[in-house]
1. Which value in nm describes the separation of the simple spin-label points at Leu112 and Lys24, placed 7 Å from the Cα toward the beta carbon?
2. Using a simple spin-label model with points 7 Å from Cα along the Cα→Cβ vector, what separation in nm is obtained for Ser15 and Ala44?
3. Could you work out how far apart the two model spin labels at Met33 and Glu95 are, taking each label as a point 7 Å from the Cα in the direction of the beta carbon, and quote it in nm?
Amino acid sequence: MPFMQQMQSEMEKFSALKAADRKKYLDKRIDEMEGWRKLMQPVAALASAARGSGGGGGGGGNGGQGRPFGGMSRDEMRRAILDNTSPTQRAQMSEFFREFQIRRNERGMEPLPMPRF
C-alpha cells in the first residue's frame, strides 16, 4: 500500500516536529490542498453538469464505478487502513487531522470532512 507508506512517513515527520514547526507544516499542507481544490473545481463542475444533464454517468476517473481508492468502497478502504496500521499509527493520523482542522479554523477557513481512525 504505497499511499499508506507515504502517509505514515508524513505522520512520523509531523509527530517529530516542535509546535512552531508544526504550524508551518500545516500551513504548507493547507495551502497545497487549497491549490488542488481550486484546480479541480472546474473539473468537478463539468462532471456534475454532465451527470445532471444525463450526458454521462460515470463516477469520475475510475471507470464509472463510483468507487475511488482503486475500486474499494469507503468501508473496504477503512478496513484496509485498520488492517495495515498499528494503533500508534492511527493515533498519529488522528492527531494530524485534528491539528489540521484547528489550524484551518485559526486561518478562518471552513472545516473539511476528515477520516476517522
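1. It works out to 2.2 nm between the two label points.
2. With each label point 7 Å from Cα toward Cβ, the separation is 3.1 nm.
3. Taking the two extended label points, one gets 1.8 nm.
Every number here is computed from the coordinates shown, using simple stated rules; none is lab data. Treat the numbers as computed from the prediction; the structure is a model and nothing was measured. Heads up, the Cβs are rebuilt from the backbone with ideal geometry, glycines too, and the neighbour counts pull from every protein chain shown.
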